[in-house]
Amino acid sequence: MKLKLGFLLIFGGYIYGDTSYQSCLDNSPQMGCIIKELKYQDGLLNRYYKQAMQRLDKSEQTRLRKAQRAWMKYRDSKCDAQANEVRGGSLEGILRGGCIVDMTTKRAEELRVY
């Protein structure tokens, strides 16, 4: 229960792709859920990125590509820093993975409406 409560406090109960992610977190090992959801959200992010790129001219594509690369570095650095708070502990992977899922989900939505 402590782990579940901590996870909900960190992510504010945010529900990602669908309620099955939250159900997975409630009933299964969290790392497995995080990996599964990250794969799903990363697929959405890539699909929306490609769709956005198709709508842009060459110079806008260059700007979006540069922004996306910068975002990926930012995401990884932010999530590493967040996980560093419990470095070496059992929550390190869960915090980092959950952060990556959260940020990837939000970025996919940004690209969807781009």
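Mind listing which trypsin sites (Lys or Arg not before Pro) in region 59-89 are in a DSSP loop and have 14 or fewer other Cβ atoms within 10 Å? Answer in residue order: Arg87. The alpha-carbon of Lys50 sits under 15 angstrom from the alpha-carbons of these aspartates and glutamates, leaving out residues fewer than 8 places away in its chain: Asp42, Glu60, Glu109, Glu110.
Note on Lys66/Ile35: beta-carbon distance plugged into 1/(1 + (r/R0)^6) with R0 of 35 Å gives a FRET efficiency of 0.75.
Estimated from the Cβ-Cβ distance and a Förster radius of 30 angstrom, the FRET efficiency linking Ser28 and Glu92 is about 0.95.
Any read-out appearing in this document is the output of simple, stated calculations on the displayed coordinates, not a laboratory observation. All values reported here derive from a predicted model rather than from experimental measurement. So basically every Cβ, Gly included, is an ideal-geometry build from the backbone, and we count neighbours across all protein chains shown.
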